[in-house]
Amino acid sequence: MERLRARGEDSGRVTAGATGSDSGLDVMGALRRSHAAASITVASVGEEVVLAGWVQRRRDHGGVIFVDLRDRGGLVQIVFKPDTSPECHERASGLRAEYVILVRGRVQRRSDETVNPKLPTGEVEVLVDEVRVLNRATPPPFAIEDDPDVDESVRMRHRVHDLRRAPLQKALRLRHRLFQAVRASLSDQGFLEIETPMLTRSTPEGARDFLVPSRLQPGSFYALPQSPQIMKQLLMVAGFDRYFQIARCFRDEDQRADRQLEFTQVDLEMAFVGVEEVLACLEELTVRACAESAGIEFPRPFPRISYAEAMARFGSDRPDTRIQLELVDLTDAFERSDFRAFRGVVDSGGIVKCLPIHDAEALSRGQIDRLEAMVKKELGGKGLAWIRVDGNGDWQSPIAKFLSEAERGAIAKRCEARPGSLLFFQADDATRANAILSRLRVDLGRRLGRVDGRDHELLFVVDFPLFEAAEGGELTYVHQPFVAPHEEDLALLDSDPARVRGTHYDVVMDGVELGSGSLRNHRADVQRRIFDVMGYGRKQTEERFGFLLNALESGAPPHGGFAFGLDRWVMVLAGAESLREVIAFPKTQRGQDLLLEAPSEAEDLQLEELSLRVRRPAQ
Ligand code: ASP
């Protein structure tokens with residue numbers, strides 16, 4: 001564990017002569033911390049140490065007072081005995097939770113009955129000779145422990161207390177190590193760290209912009225960057241060759257568990273490269289950063305899977321392939337079916353897909369009913385058709401009676417149905433059917449232990465489509481409009497743009513998308529054709545992106561890059577459930593900072609200076 005490294009703090013020596021007084025401002029006197037709590041081990045027995053931190057807990061045991069002292073790295077037990085130092089003992093009886101103290105004492109072994117095997121410092125304690133109360137504290141709103149029994153909103157409102165808890169301390173240390181490893185790897189690979197502006201113009205990444213009113217240009221607004229995408233492309237045109245930035249990005253989206261309105265990217269861009277060089281750089285970066293920050297080793301090269309294959313086999317473009325369950329497409333088997341529920345979907349362009357789970361006797365009828373309720377309520381599905389093959393090979397199912405012999409044959413063969421198999425079906429539009437089955441695949445795969453032995457996996461998903469249908473039926477970009485198409489699909493841009501594959505790739509870790517990137521359109525004519533496909537008129541294109549097109553025309557090298565969602569990366573490495581567990585001051589699902597009470601109303605004077613008038617929502 002850690003000894004203090006900063007500015008001579010690890011000398012281990014202690015300045016004598018402190019009085020123990022805690023009045024006045026210079027409460028530390030000449031006493032300075034020598035060790036971190038967690039660094040005290042049996043090797044330190046007999047040493048004199050000075051520790052500083054917070055009172056986690058105080059226990060009085062027949063005259064002897066035990067205090068758990070907590071600092072950044074952990075806990076150590078400190079002991080006050082009336083016969084060692086009556087004055088200290090007296091002071092210790094006044095200590096309360098979260099008081100800030102500085103103590104000098106000697107490390108000793110704990111007696112056998114008091115050894116705590118759960119604590120790294122559980123074999124030792126510090127017998128205190130001198131204590132200083134550096135500050136008192138109001139009673140904490142909840143106990144500072146790993147799993148406090150309070151609502152998350154209470155933790156968010158009292159984030160300072162919350163941040164004192166070990167899981168958050170650990171997560172932010174991991175985050176720091178990841179930052180350092182990322183910087184080291186990219187710097188070693190020849191990247192320059194360059195900042196780009198926060199007050200900028202709209203950067204299309206598929207979300208709403210946060211706008212900042214300009215005081216000096218009344219009626220005009222800056223946009224906060226959704227990403228540094230355009231700026232990093234300009235840096236490539238300007239000749240910087242390799243750029244990176246740990247960049248804050250802002251996207252005004254409806255909040256989900258794995259989104260924050262502002263988040264951090266490791267953003268990078270490289271010139272004179274093709275897909276292979278970018279992927280090689282990403283492998284080097286992720287392998288080193290995961291090893292140095294979390295001690296996780298990954299084999300190289302990473303497996304690659306195309307978007308089309310990932311969707312077909314796993315129903316997701318960020319598959320967790322450690323889960324040993326795969327989907328089966330049955331759409332063609334129902335093209336001429338008499339089973340109206342499936343046929344109707346196929347006729348209107350939807351799909352029929354199945355998730356077969358073998359040896360699924362453990363799933364009861366009650367559990368299937370609960371899954372169906374979840375599919376309808378949470379995932380917007382129409383229902384959950386299923387077939388169970390019993391021990392005799394008979395099919396028990398609410399839908400089997402509607403199926404023809406041929407359909408039953410096709411299902412049995414393609415799903416490899418056998419006694420004990422349970423088949424779940426979705427007939428719906430492709431997006432929803434895949435989303436539902438992929439969720440069932442992950443939930444049931446984990447619940448039933450259908451996971452291969454690997455703790456973690458990293459893979460590339462490649463060849464995403466360039467466009468997708470927007471709500472009005474016209475095409476829009478899948479990721480952002482600057483992705484270069486595949487060379488061999490270029491001709492399709494005019495004839496059948498929906499089939500154009502982009503040079504887009506994702507890095508996926510344990511079923512979580514860590515980030516995305518692509519080669520970019522370095523030729524202005526191709527970039528213009530893409531804006532055309534999306535129905536941007538020439539005028540709109542010039543107004544919004546004229547500066548980029550001009551730059552591309554000024555001598556742009558081929559270039560491509562990537563951006564990792566750093567918060568998500570830390571979340572996966574930390575095994576955390578939510579981004580809020582790896583960000584120091586996160587926002588709630590409703591976009592609020594409960595500690596600072598942001599957002600808040602602006603004062604009239606501020607609005608006036610900004611030439612703004614607010615239409616307050618009706619009460
Ligand atoms: N700008 C992209 C994003 O934010 C990443 C990239 O393509 O480099 O997702």
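The values are calculated or read from the model by the stated rules, or taken from the named source; none is laboratory data. Keep in mind it's a predicted model, so treat the numbers as computed, not measured. Cβ: placed from backbone, ideal geometry, glycine included. Neighbour counts: every protein chain shown. Note: accessible area is taken over every heavy atom of the protein model, side chains too, but ligands, DNA and RNA are not part of it. Shrake-Rupley method; radii C 1.70, N 1.55, O 1.52, S 1.80 Å.
The table below gives the values:
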quantity	calculated
Sequence-distant residues sharing a close amide H with Glu130 (under 5 Å, placed H)	Arg104
Helix-derived mean residue ellipticity, 222 nm - over the chain, DSSP H n ≥ 4, -39500 (n - 2.57), to 500	-8500 deg cm²/dmol
Surface per residue (accessible, 1.4 Å probe) for segment 72-183, Å²	51 Å²
Estimated FRET transfer efficiency when R0 is 60 angstrom, pair Arg201-Asp83 (beta carbons, to 0.05)	0.25
Contour excess over end-to-end distance, with Cα ends at Asp494 and Val64 and 0.36 nm allotted per residue	146.4 nm
DSSP-loop trypsin sites (Lys or Arg not before Pro) across segment 443-484, with at most 12 other Cβ within 10 angstrom	Arg454
Fully extended contour minus Cα-Cα distance, from Lys539 to Val42, at 0.36 nm per residue	171.5 nm
Asp443-Val212 pseudo-label distance in nm [points 7 Å out on the Cα-to-Cβ vector]	4.2 nm
Cut-off 9 Å between beta-carbons: net charge of the residues surrounding Gln426, Lys and Arg +1, Asp and Glu -1	+2
Amide H partners (placed H, <5 Å) of Tyr505, local residues excluded	Gly517, Ser518
Distance (nanometres) between label positions extended 7 Å along Cα→Cβ at Phe142 and Asp347	5.4 nm
Å² of accessible area per residue within segment 316-455, as computed with a 1.4 Å probe and no ligands counted	50 Å²
Considering only the chain, percent of DSSP beta bridges that pair antiparallel, nearest 5	95 percent
For segment 457-470, 3J(HN,Hα) per residue [Karplus equation, 6.51 cos²θ - 1.76 cosθ + 1.60, θ = phi - 60°, Hz, x = Gly/Pro]	9, 10, 8, 9, 9, 10, 6, 5, x, 7, 10, 9, 6, 8
Protein accessible area in the chain, 1.4 Å probe - carbon and sulfur %	49 percent
3J(HN,Hα) from dihedral phi, segment 111-123, Karplus parametrisation 6.51/-1.76/1.60, rounded to Hz, x for glycine, proline	5, 3, 5, 9, 4, 10, x, 7, 9, x, 9, x, 9
Using a Förster distance of 41 Å, the FRET efficiency for Phe585-Glu335 (Cβ separation, nearest 0.05)	0.15
Over the chain, relative contact order from alpha-carbon pairs under 8 Å, at least 6 apart, %	12 percent
Rounded to 5, percent antiparallel among DSSP beta bridges of segment 176-323	90 percent
Probe 1.4 Å, accessible area per residue of segment 493-552, Å²	38 Å²
Leu25-Asp149 pseudo-label distance in nm [points 7 Å out on the Cα-to-Cβ vector]	4.4 nm
Links that overshoot a 28 Å alpha carbon limit, given the list Lys353/Lys401; Lys81/Lys170; Lys353/Lys377	Lys81/Lys170
Span per principal axis, largest first, for the Cα atoms of segment 325-368 (Å)	36, 22, 14
Nearby aspartates and glutamates by direct alpha-carbon distance to Lys539 (threshold 17 angstrom, same-chain neighbours under 8 apart not counted)	Asp525
Per-pair calculated FRET efficiency, R0 = 41 Å: Leu192 and Glu468 via Cβ, rounded to 0.05	0.75
³J(HN,Hα) computed for each position of segment 235-248 - Karplus, 6.51 cos²θ - 1.76 cosθ + 1.60, integer Hz, glycine/proline x	5, 5, 4, 6, x, 7, 6, 9, 10, 9, 7, 8, 10, 7
With 10 Å bins from 0: P(r) over the chain, alpha-carbon pairs, percent	3, 13, 19, 20, 19, 14, 9, 4, 1, 0
